[in-house]
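Shown next, in structure tokens, is the structure this report addresses.
The values are calculated or read from the model by the stated rules, or taken from the named source; none is laboratory data. Computed from a prediction, not measured in an experiment: that's the story for all the values here. Cβ placement follows ideal geometry from the backbone for every residue including glycine, while neighbour counts extend to all protein chains displayed. For the accessible areas, the whole protein counts, side chains as well, though only heavy atoms, and no ligand, DNA or RNA atoms are used. Shrake-Rupley method; radii C 1.70, N 1.55, O 1.52, S 1.80 Å.
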Amino acid sequence: PADVSAWHQKLTTSGKLSTRSIRHAHGVLRTALTHAAAIEIVERNVAALIKPPKPEPTDIKTLTAKEMADTLTKLEGHPFRTVAAFALGTGARRGEIAALRWSDIDNDKATVRIERALEQTKTGLRVKMPKTKAGRRTISLPAFVVTALHEHRRKQLELRLRLGAGPLPGNAPVFGDVEGNWLSPHLITNRWRRAVSNRKLRPVTFHALRHTHASALIGAGLDVVSVGTRLGHASPALTLNIYAHLFNNRDDEAAAAIDAVLHDGNGK
């Protein structure tokens with residue numbers, strides 16, 4: 001255990017690795033020693049006895065309600081507007097958005113089924129399934145997203161007709177090109193950066209739109225389970241780990257609620 005602890009210290013003081021990378025390296029070592037202990041190469045897993053460095057607190061940037069509205073207004077007429085609207089209205093991950101098919105969207109019920117993600121690999125794009133059951137989910141769509149998708153689909157159909165490509169297949173990517181090719185996650189990031197620069201938007205990452213969605217839900221009073229379910233989190237603990245500071249902003253309301261219960265209980 002002392003060797004593992006000294007190893008952590010050496011990696012930390014070197015300044016070459018982030019805490020996240022050190023934690024990942026620790027996880028690899030722990031997994032290897034778990035296997036070694038199972039086949040009796042070592043007597044115990046010393047990496048399991050020492051905790052890796054605590055993760056660094058991250059400064060989660062989000063858009064305010066005014067900035068959300070301002071973003072969508074400034075993106076009027078921009079080909080990337082529907083992608084941004086979908087991210088703000090659903091909190092879906094970049095890879096999940098890239099992997100959407102028109103058959104995943106139910107216009108009558110105003111819902112979307114998220115059950116796969118697209119990732120960039122060295123050999124090209126790959127469709128992958130969610131790591132947990134929670135990642136596969138059906139969520140409702142806000143009215144502004146439904147409207148944006150309807151307009152986006154209309155434009156896709158008109159373009160295909162002009163090019164003689166025929167009707168739009170149900171399994172066609174929602175945000176793909178006219179030939180049915182997927183929009184890569186990396187391209188989503190690049191297009192967002194260009195849109196931020198060209199349309200003078202607040203300079204936040206594309207992933208910040210997912211955080212903005214979560215922040216809006218929490219601000220509206222939704223509980224941690226509901227927020228986590230919509231975001232596709234494996235557990236409420238994960239949601240709290242990321243957004244606990246936002247829930248804490250409502251602590252004064254919690255105190256008032258408890259005070260009201262005690263007040264009623266005393267019959268006053």
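Leaving out ligands and nucleic acids, and using a 1.4 Å probe, what accessible area per residue does the stretch 138-219 come to in Å²?
Details: 4430 Å² over 82 residues.
I get 54 Å² per residue for this part.
Tell me, what is the percent relative contact order of the stretch 34-173, built from C-alpha pairs under 8 Å that lie six or more residues apart? Display every interim value, and only then the final one.
Values: 127 pairs, mean separation 27.5, N = 140.
Computed value for the stretch 34-173: 20 percent relative contact order.
Hey, what's the per residue convex hull volume over the C-alpha atoms of the chain, in cubic angstrom? Write down the numbers at each step before the final one.
Numbers: hull volume 58.9 nm³, N = 268.
Hull volume over Cα atoms, normalised by residue count, gives 220 Å³.
Over the stretch 1-97, average the accessible area per residue using a 1.4 Å probe and give it in Å², no decimals.
With the other protein chains kept in place, the stretch 1-97 gives 64 Å² per residue.
Against the longest alpha carbon principal axis of the chain, how many degrees, from 0 to 90 and to the nearest 10, is the axis of helix 251-265 turned?
Orientation of helix 251-265: about 80 degrees from the principal axis.
List the lysines whose Cα sits under 27 Å from the Cα of residue 16, skipping any in the same chain fewer than 8 residues away.
Excluding near neighbours in sequence, the set is 51, 54, 61, 122.
Under unit Cβ charges (Lys, Arg +1; Asp, Glu -1), what dipole magnitude, rounded to 20 debye, does the stretch 4-92 have relative to its Cα centre? All intermediate terms of the calculation are to be shown ahead of the outcome.
Values: 12 positive and 7 negative charges, 44 e Å.
That gives the stretch 4-92 a dipole magnitude of about 220 debye.
Would you mind computing, in nm to one decimal, how far apart the modelled labels at residue 165 and residue 39 are, each placed 7 Å from Cα along Cα→Cβ?
The answer from the label model is 5.1 nm.
Name the most mobile residue of 221, 176, 124, meaning the one with the largest mean-square fluctuation, in a Gaussian network model of the chain with Cα contacts below 10 Å.
Answer for the Gaussian network model of the chain: 124.
First compute the accessible area of the stretch 63-192 with a 1.4 Å probe, then give the percent of it belonging to carbon and sulfur atoms. Please list the in-between numbers first.
On the way: 3690 of 6930 Å².
In the stretch 63-192, the share of accessible area belonging to carbon and sulfur is 53 percent.
Please identify, among 193, 23, 202, the residue showing maximal mean-square fluctuation in a Gaussian network model of the chain using a 10 angstrom Cα cutoff.
23
Count the net charge of all other residues whose Cβ sits under 14 Å from the Cβ of residue 154, scoring Lys and Arg as +1 and Asp and Glu as -1.
On the way: positive: 81, 153, 155, 160, 162; negative: 151, 158.
Net of charged neighbours comes to +3.
Less than 12 Å Cβ to Cβ from residue 138, Lys/Arg counted +1 and Asp/Glu -1: what total charge do the surrounding residues give? Show your work: numbers first, answer last.
Details: positive: 109, 113, 136, 137, 230; negative: 104, 106, 115.
Net charge around residue 138: +2.
Tell me the mean residue ellipticity at 222 nm calculated for the chain from its helices only (DSSP H runs of n ≥ 4, each -39500 (n - 2.57), averaged over every residue, nearest 500). Please list the in-between numbers first.
Details: 11 runs with 142 residues, N = 268.
Rounded to the nearest 500, the figure is -17000 deg cm²/dmol.
Report, in whole Å, the centroid distance computed from the Cα atoms of the stretch 169-213 and the stretch 76-137.
Measuring centre to centre over Cα atoms gives 11 Å.
Please give the helix 81-90 orientation as an angle from the longest Cα principal axis of the chain, in degrees from 0 to 90, rounded to the nearest 10.
50
Between residue 238 and residue 31, what is the FRET efficiency for a Förster distance of 25 Å, r being their Cβ-Cβ separation, to the nearest 0.05?
It comes out at approximately 0.75.
Relative to the first principal axis of the alpha-carbon coordinates of the chain, what is the inclination of helix 65-74, with its axis defined by its Cα atoms, in degrees from 0 to 90 and to the nearest 10?
Orientation of helix 65-74: about 40 degrees from the principal axis.
Tell me the accessible surface of residue 179 in square angstrom (1.4 angstrom probe, heavy atoms of protein chains only), to the nearest ten.
150
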